[in-house]
Structures are given as structure tokens and as C-alpha cells.
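The structure appears below as C-alpha cells.
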Amino acid sequence: MGIEVTGVSKSFGAQKVLDNLSLSIPDGKITAIVGPSGVGKSVLLKLILGIYEVDSGSISIFGEDMTIASSEEEKTSIRKNCGVLFQSAALLDSLTIYDNIAFPVREHLSLKEDQVYQKVWSIIEDLSLKKVANLMPQQVSLSVRKRVGMARAMILDPKVLLVDEPNTGLDPQHGQEVYDLIKSCQARCGFTGVVISHEIPEVFQVSDRVAMIFQGRIFAEGTPEEIIAHQDPYIKQFLKGSIHGPIRIH
């Protein structure tokens with residue numbers, strides 16, 4: 001397996017967000033993690049990355065246990081297997097598009113600047129970013145920033161790509177472009193993908209597996225087709241986006 005989440009619990013004060021949650025994320029596939037707002041989807045992603053620490057349980061990424069990493073250096077070493085596309089793309093406003101993409105290359109690889117250029121320019125061409133390479137992040141649209149974020153996430157050839165709410169702030173057309181980008185990059189590179197999303201059913205088009213979080217645990221999992229066909233009233237309400245049903249909207 002690519003990522004193994006075993007018996008993970010996480011609370012913030014008196015609020016228990018995840019309760020003995022277990023999930024196997026298969027290697028070379030894209031798994032969508034879905035569920036109502038506030039159920040801990042993004043918390044789980046941050047636990048996988050070691051940004052938050054689990055209260056109990058374990059998380060391993062290709063056999064390396066993030067939850068027993070005792071120093072930031074150890075966590076960083078495990079994170080080298082992971083690329084991350086955050087909601088806002090999280091670009092550095094003081095750097096050009098080119099330098100944002102080059103940043104992790106210069107940070108983690110011992111390459112001469114001409115080698116950095118070759119590596120960065122290759123992905124700039126692949127993701128159709130040549131026209132904006134010398135612009136600043138604030139000079140381009142959010143959809144372009146997300147494309148830049150994808151380039152930066154992919155530049156070190158990660159085994160795992162973690163994507164947090166890829167369509168936040170985008171209209172349907174540009175949101176579709178992001179999903180198409182995820183799908184094409186995964187087909188080309190074969191990474192293990194984790195996509196956190198509330199966009200139903202749009203996220204299903206890029207997903208091999210779907211896991212729904214509810215009440216702190218994995219409530220249902222399977223292929224997109226299996227989830228869509230599920231007759232559980234909680235799942236049916238969530239998929240319909242209805243306010244009427246057993247899920248209470250706060």
C-alpha cells in the first residue's frame with residue numbers, strides 16, 4: 001500500500017475530530033476523501049503530512065511511519081515522497097512563477113543553475129505555463145496559480161500527490177481544468193493520489209477509490225460506482241447535497 005492510516009484519533013480540546021479511523025490508500029491510484037464540512041478531511045491530510053500529530057494510531061507512507069518521526073528533519077525526509085497542492089496554491093508572492101516552481105529544486109537537489117533551468121522549464125512547458133513564467137503570482141488568475149502549484153508539487157517527481165479542495169474559489173469551467181490536470185499528471189507519472197473534496201460528483205471522475213468520512217471514521221469506501229449506488233440514507237443525502245436527512249447541518 002502507498003499510505004496506511006491505522007486507528008488514528010485526533011481531538012482539538014474537547015472536540016474529537018477523528019475517532020479510531022483506519023484507511024488504506026493504494027499505490028498508483030487516486031483516492032478521493034469526501035464527507036460533509038467539518039468532519040476532518042483536511043485534518044487527516046495534515047496528519048499524513050505530519051503538520052499535526054496524532055493523539056493515537058499510526059500513519060505510514062511507503063513503509064515510513066510519520067507518527068514516530070521524532071524530529072522535523074525526519075518528517076521532512078518522509079515528506080520528500082509527497083507533493084502537495086493546497087487550496088490557495090500557497091505560492092510565494094515575492095517570487096516569479098518560474099522561481100516558485102524552482103524553489104523546491106534549489107532547496108532539495110544539488111543541481112547547477114543550468115540543470116535547474118532545464119528541469120523547471122520542462123514542467124513549465126508540460127503544464128502550458130510559458131507565457132506566465134516571468135510574472136508574479138498576483139498577476140495571474142487563481143486557476144493559473146493552481147496550475148503553478150501543481151507544477152511545484154510535481155517538480156521533484158513525488159510518489160504521492162496530496163490535493164486539498166482543488167476547486168475552491170473556481171468556476172465550473174476552471175474547476176474542470178484542475179481535475180483534468182490531476183488526471184493527466186497521474187496518467188503520465190503514476191503517483192499515488194489523495195484528493196480532499198466536497199465537490200460531488202465532480203471529484204469521482206479522477207478517482208479510482210472513494211472514502212467518506214463521517215462521525216470521525218471511514219463511513220463508506222469503494223469505487224465511485226459503488227458509492228453512487230449505495231443505499232445508506234447518510235450517503236444518499238450527502239451525494240444529493242440535501243439539507244433533509246439524517247445528517248444534521250449546523
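Observations on the model:
- Bridging of K159 to lysines at a Cα separation below 20 Å is possible for K29, K46, K75, K80, K119, K146, K183, once same-chain residues fewer than 8 apart are set aside.
- Mean separation of Cα contacts under 8 Å (6+ apart) over length of the chain, as relative contact order %: 26 percent
- Our coupling estimate for the stretch 228-234, obtained by passing each phi through the Karplus curve with A = 6.51, B = -1.76, C = 1.60 and θ = phi - 60°, is 4, 7, 5, 9, 4, x, 5 Hz, Gly and Pro reported as x.
- Length gained when the stretch S184-L156 is fully extended (0.36 nm per residue, less Cα-Cα span): 8.4 nm
- Nearest-ten-degree value, helix 97-108 long axis tilted from longest Cα axis of the chain: 80 degrees
- Percent of beta bridges antiparallel (DSSP, the chain, rounded to nearest 5): 55 percent
- Viscosity 1.002 mPa s, temperature 20 °C, Stokes-Einstein D of the stretch 68-213 from Kirkwood C-alpha radius, µm²/s: 135 µm²/s
- Rounded to whole Å, sorted largest first: equivalent-ellipsoid semi-axes of the stretch 147-244, Cα gyration tensor: 26, 15, 12
- Distance from the alpha carbon centroid of the stretch 212-241 to that of the stretch 82-141 works out to 37 angstrom.
- Simple spin-label estimate for R248 and D208 gives 3.9 nm between the two label positions (7 Å along the Cα-to-Cβ direction from each Cα).
- Using the rule -39500 (n - 2.57) for each DSSP H run of four or more residues, divided by the residues of the chain, the 222 nm mean residue ellipticity is -10500 deg cm²/dmol.
- ³J(HN,Hα), Karplus 6.51/-1.76/1.60, whole Hz, each residue of the stretch 205-216, x for Gly, Pro: 5, 10, 9, 8, 9, 10, 10, 9, 8, 7, 6, x
- Spin-label zone in the stretch 80-122 - amide nitrogen under 16 Å from a point set 7 Å from the Cα of M136 along the C-beta vector: 91-100
- Percentage of interatomic Cα-Cα distances in the stretch 1-155 larger than 27 Å: 35 percent
- Helix 172-189 and the longest principal axis of the C-alpha atoms of the chain enclose an angle of approximately 70°.
- For the peptides 149-162, 83-96, the ranking by mean Cβ contacts within 10 Å, running from highest to lowest, is 149-162, 83-96.
Since every read-out is calculated from the coordinates, none of them should be taken as a lab result. These figures come from a predicted structure and were not determined experimentally. Positions of Cβ are generated from backbone atoms using ideal geometry, with glycine treated the same way; all protein chains shown enter the neighbour counts.
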